Structures are given as C-alpha cells and as structure tokens.
Amino acid sequence: MVDQQRKTEMESDAEVSKELKRKKRVKLLVYAIAFAIFQTIVILVFSLTVMRIKNPKFRVPSITVENVRAAATNPPSFNIKLNAQVAVKNTNFGHFKFENTTISFDYRGVGVGDAIVGKGRSKARSTKKMNVAVELNSNNIPNNSSLQSEIESGYLALTCHSKLNGKLQLMKFIKKKISAEMRCAMVVNLVTRTVQDIKCQ
C-alpha cells in the first residue's frame, strides 16, 4: 500500500515536472519569437531611414552683383561680376565628400562664364554653404541675338547648370558614389544691379 502511494506520488511529481518543463519551453519560444519580431522591426526602420541614400541637393540660393557694365550699342555687350552663394544640402545620415566642379552660366544656350566650386564636405543631415565669384561677358554671343533688346529693357535672363560628384560615407565602412545636378534660371536687373527670380531644380 505504501509502495503504491509512493509510486503515485512519484508519477504525480513527474507530471508536474514535465508540465513545468513544457511551460518553460513555451515561454522561451515566445521570447524567441518576440525578439525576432523586434529585430525585424529594428532592421526595417534602420533600412528605411539610416540606410536609405538620397542624392544631395545642389542649389544657388542667392547671388549678389559686384559690378555691371552693359551697353545696347551695335554690337551690344555686357560684363558682370557676381558673387554667388552655393548650397549643398545633404539629407543622408552620412558625410558627403564632393569633388571640384564648375557652374556654367549661359545666355540663351551660349556660355558666358564659369564659377569654380572647390571640393569639400557636407556633414550628415546638414547644408554646406560656400561663396564663389564669377565674371560673365558677352564675347561669345552672336550679333543676331536678342541681347540688345534685353539690355535696353534693363533685364537680362540667364541660366546656370552643374553636376556635383562625390561619395557618401555611412558608419565608416559603407561608401557609395552619388551626385547632384543643378539647373537654375535667374534675371539680372541691370538698373538696380541685383539678381532676382532665382529658380533652381
């Protein structure tokens, strides 16, 4: 009778132990699944934010006129000295190191001058601003253009374009080549000696 009771108790203890082990395994499985889901969410957020690489924006937000000489004679001519502020906006989570580049200024598709932008670095999620000087002249513009009428009106329409090449560095071991293109249109007011209506894309 005692042996039977002891056997029953041992079987009961074994069942309890077995149940505890089962619950422990279930709990560990739940923790493992929760951890896997958490890691997936972290990786997804990381890839959609930090690792998502965008091309920087390269713009000319403002230009001041240093000197203007314009004549509506035959042939018409102009010589304009400008000081342009150049901005490189980097929205990535890594530094953008860019190379030297040239901003070309045109009058109706004809080159009238170039500005040199030196190499530099735009920090993560910041905007690098620089000032560049440029001298524009009408030497290459053909005589049959509409330059004379524009000078007589006091408004000279110009465009500029450039491409900025460089490398984006993420977390010191990921490097990717990216670039930024710029096209801007503007109007030089020959009377007030200002640059107005600057529109970039």
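When each of Lys89, Lys97, Lys81 is tested for being modelled with pLDDT of 95 or more, under 15 Å from Met182 (Cβ atoms), open to solvent by 70 Å² or more (accessible area, probe 1.4 Å) and not in a helix (DSSP H, G or I), the lone residue that passes is Lys89. Only residues that are open to solvent by 60 Å² or more (accessible area, probe 1.4 Å) and assigned to a strand (DSSP E or B) were counted in segment 169-195, giving 5.
Exposed (fewer than 15 other Cβ atoms within 10 Å of the Cβ), at pLDDT 95 or above and either hydroxyl-bearing (Ser, Thr, Tyr) or under 16 Å from Leu190 (Cβ atoms) (or both), is that true of Gly111? Judged against the criteria, Gly111 is not a match. Among residues of segment 150-164 that are more than 16 Å from Ile80 (Cβ to Cβ), those with a beta-carbon under 7 Å from a residue that is modelled with pLDDT of 95 or more and aromatic (Phe, Trp, Tyr) at least six positions away or on a different chain give the pairs Ser162/Phe58; Leu164/Phe58; Leu164/Phe98. Mind checking whether some residue in segment 41-59 is under 24 Å from Ser122 (Cβ atoms), at pLDDT 80 or above and among the aliphatic types (A, V, I, L, M)? Within segment 41-59, one or more residues are under 24 Å from Ser122 (Cβ atoms), at pLDDT 80 or above and among the aliphatic types (A, V, I, L, M). If you go through segment 135-165 and keep only what is open to solvent by 60 Å² or more (accessible area, probe 1.4 Å), part of a strand (DSSP E or B) and farther than 30 Å from Lys119 by Cα, you end up with just Tyr155. Scanning segment 64-78 for residues that are in a strand (DSSP E or B), surrounded by fewer than 16 Cβ atoms within 10 Å (Cβ to Cβ) and not hydroxyl-bearing (Ser, Thr, Tyr) yields Glu66, Asn67, Arg69, Ala71.
The values are calculated or read from the model by the stated rules, or taken from the named source; none is laboratory data. Note that the coordinates shown come from a computational prediction; the quantities given were computed from them, not determined experimentally. Cβ atoms come from the backbone with ideal geometry, glycine included; neighbour counts cover every protein chain shown. Each accessible area value is taken on the protein alone, full model and side chains, heavy atoms only, with ligands, DNA and RNA left out. Shrake-Rupley method; radii C 1.70, N 1.55, O 1.52, S 1.80 Å.
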